[in-house]
1. With all protein chains present and a 1.4 Å probe, how do A:R159, B:R62, A:R340, A:R184 order by accessible area, largest first?
2. How far is it, in nm, from the label point at A:D287 to the one at B:V15 when both lie 7 Å from their Cα along the line to the Cβ?
3. Which residue, chosen from B:Y93, B:L195, B:S48, occupies the Cα position most advanced towards the positive end of the dipole of the protein assembly as shown, where the dipole is computed from +1 (Lys, Arg) and -1 (Asp, Glu) charges on Cβ about the Cα centre?
4. What residues in the stretch A:116-146 lose 40 Å² or more of accessible surface when the other protein chains are added to their chain alone (1.4 Å probe)?
5. Which aspartates and glutamates have a Cα less than 18 Å from the Cα of A:K297, not counting those fewer than 8 places away in the same chain?
6. What distance in nm separates the simple spin-label points at A:N373 and B:T251, each placed 7 Å from Cα in the Cβ direction?
7. So what does A:E151 come to for accessible area, using a 1.4 Å probe and Å² rounded to 10?
8. Using a 1.4 Å probe and ignoring any ligands, DNA or RNA, find the accessible area of B:V21 and quote it in Å² to the nearest 10.
Amino acid sequence: MAVAETGLDRLAVEGPVGSTAVSVRNVNMVFGDYRAVDDASFDLQEGKFLTILGPSGSGKTTLLRMIAGFQAPTSGEIAINGIPVGHVPPNKRSIGMVFQKLALFPHMTAAQNVAFPLKMRRFDARTIPARVAKYLDLVKLGGFANRRIHELSGGQQQRIAIARALVFEPDLLLLDEPLAALDRKLREEMQLEFRRIQRELGVTTINVTHDQREALVVSDEIIVMDKGRIQQNAKPSATYRQPSNSFVAGFIGVTNFLSGSVTDVTDSEVAFIAGTQPLCGRWVATDVRPSAGQSVKGAVRAEQIRVAATPDRLDDLQTTVAGSVMDVIFEGERVVYEVRLASLQDATIRVFDHDPSQHAEFEAGARVFVGWNARDVLVFAE
Amino acid sequence: MTTARGKTIFLWTLVMISVVVLSAPTLVVLGASFTAGNMITFPPQGLSLKWYASIAQATDLREAFLRSLYVALICTLVAIPVGTLAGIALAKYAVRFEKALQIYLLLPFTIPLIGSGIGLMLIFGNAGILGQLWPVGIACCVINLPFMIWAVTASAGSLDPDLELAAANCGAPPLQTFLLVTLPAVTPGVITGSLLMFILALNEFLVSLLLVDARIVTLPVQIYNSIRSIITPDLAAISVVFIGCAALAITILDRLVGLDVFLKSK
Ligand SMILES: Nc1ncnc2c1ncn2[C@@H]1O[C@H](COP(=O)(O)OP(=O)(O)OP(=O)(O)O)[C@@H](O)[C@H]1O
Ligand SMILES: [Mg+2]
């Protein structure tokens with residue numbers, strides 16, 4: 001539901017192309033002999049919501065800290081609104097940031113926290129109370145102005161941190177996993193809240209997370225990072241449907257990898273054999289072509305696979321393989337089967353079944369057939 | 001279940017023993033101060049406030065007490081800026097002479113006070129300031145400063161390092177960040193340290209003994225001088241006044257920052 005809504009809104013928002021709000025050029029960050037960020041480059045248009053997604057230690061926070069000005073890149077250049085900021089200290093940059101652990105000032109009230117950036121940035125003292133009230137209302141905490149920070153709940157503190165980051169109307173909003181500590185329900189609420197506020201104010205936002213669902217739901221663009229390198233920079237649907245390499249394919253969604261070697265290459269399709277099973281899929285990389293005999297792996301997502309008791313129920317699919325159910329995981333809205341495929345050297349794949357009432361619900365040990373279409377198999381070099 | 005219960009009983013027994021042992025001298029001196037007799041005894045013989053009346057009359061005791069307050073005040077006033085800055089620096093930055101500083105922080109436990117006292121006496125003698133009261137305050141500060149630094153370091157060490165970055169991100173230049181964010185955050189440590197310095201200076205005996213002359217004796221030295229001749233219950237009464245001062249300090253601490261801040265692992 002939420003995905004469909006943001007999808008529509010995104011079309012509406014995308015009018016004329018805005019100017020470049022953030023530009024990162026060949027940025028490196030080296031700690032000792034460890035390269036935490038490796039040659040990162042990207043541009044972000046004004047008003048867009050970018051999410052940086054990646055596993056722990058992939059360099060997300062480091063990248064964000066360099067943009068905020070807390071750390072200087074070892075090499076490379078960062079420009080905000082077209083102006084290089086290499087020599088601009090953090091307090092002179094117009095950037096609002098929500099920290100992972102919030103970093104609210106414990107000795108101040110909620111309102112004093114929100115007023116702090118206004119005082120420091122020399123806003124007209126007479127306008128400060130009204131502006132603080134406006135932003136407390138925006139995060140729906142109008143009645144909590146005089147509470148101390150420790151008298152607020154986790155979610156309320158979160159929203160004070162957002163108000164503090166936004167109140168001076170920065171050119172850029174940075175979010176460093178501020179939702180990671182919240183429980184799932186509150187987190188999903190806050191994700192939509194972020195999106196609502198961000199759209200209401202039109203502020204350019206960079207959000208860091210390792211929650212792929214959050215990234216898909218709230219972003220205009222997603223950068224996937226691994227080992228300090230940017231792996232892909234694309235719209236959420238493209239990141240999901242056309243991952244640029246096997247890391248991205250494996251990191252987002254539940255993906256099965258089938259290893260094999262190439263037997264034949266046509267214009268759009270690659271035939272390869274995994275174990276004794278001939279398979280077919282799409283070659284993704286545009287710059288290199290596969291050659292016969294090359295080791296490859298085909299990626300197919302759990303929701304693109306169907307499972308049935310007999311092969312005739314999978315008639316409409318191009319590939320069907322016999323297997324046996326190893327494990328059944330009931331997840332409420334869907335059932336996950338782990339199926340072992342003898343003809344693929346006993347590879348175990350995961351299959352989602354969203355509508356168990358239509359099919360037989362299989363038990364562990366059951367003999368089944370799984371099937372998929374060749375167009376849903378993305379083939380990457382090993 | 002039973003082991004947990006046994007553990008609780010064991011812990012409580014320990015706590016009770018500690019409380020009794022720790023408070024016994026205080027209770028004894030408190031009782032002795034209310035005696036109606038002329039000898040310092042416990043339990044007291046009859047009840048009266050006559051020894052309190054007597055110390056209120058004794059100008060030498062009262063003046064010595066005021067001098068001790070003055071010394072403690074000087075000590076605390078010097079310790080607050082020096083100790084706070086040193087404590088924050090030690091907690092936050094890779095200080096260059098960290099090893100040397102750590103040794104300094106251990107000094108109060110390793111060097112006998114008599115040693116430091118003689119050293120200071122020589123220095124002050126050379127500087128020609130012996131015989132004045134304020135150098136005694138400075139001396140108390142020098143000797144006890146590690147306690148102040150510790151209190152501040154503990155506070156600063158538990159500080160979220162992002163707090164200062166957040167202040168910068170809000171637009172605060174370094175000085176404002178320090179004054180408006182770092183300092184208030186370490187205030188509990190500063191207050192604890194100050195009260196500790198105050199009480200330690202108020203009670204300081206050995207160093208005062210070496211640095212004062214007959215005209216400017218502080219209270220502990222005055223008491224010492226008296227017990228050399230005869231031990232009378234007025235000394236118990238003056239001790240109770242001392243204890244009262246400490247209790248007052250603790251109350252102030254509780255009012256200002258809340259004792260729970262220190263009782264929790266902060
Ligand atoms: N100041 C530093 N000194 C040395 N190494 C550092 C420093 N800061 C970060 N690193 C290293 O750089 C790498 C990237 O760290 P970073 O904090 O950017 O990861 P991250 O993607 O934010 O991870 P997480 O999702 O766990 O927050 C890590 O391996 C980390 O150990
Ligand atoms: Mg991080």
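1. A:R184, B:R62, A:R340, A:R159
2. Result for the modelled spin labels: 6.8 nm.
3. Highest projection toward the positive end goes to B:S48.
4. Buried by 40 Å² or more upon assembly, which counts only protein chains, are A:F116, A:M120.
5. A:D264, A:E269, A:D287, A:D346, A:D376, A:E382
6. Distance between label points: 8.3 nm.
7. 90
8. Around 100 Å² of this residue is reachable by solvent.
The values are calculated or read from the model by the stated rules, or taken from the named source; none is laboratory data. Keep in mind it's a predicted model, so treat the numbers as computed, not measured. Using ideal geometry, Cβ is built from the backbone for each residue, glycine included, and neighbour counts are taken over all protein chains shown. Surface accessibility is based on the protein's heavy atoms, side chains included, excluding ligands, DNA and RNA. Shrake-Rupley method; radii C 1.70, N 1.55, O 1.52, S 1.80 Å.
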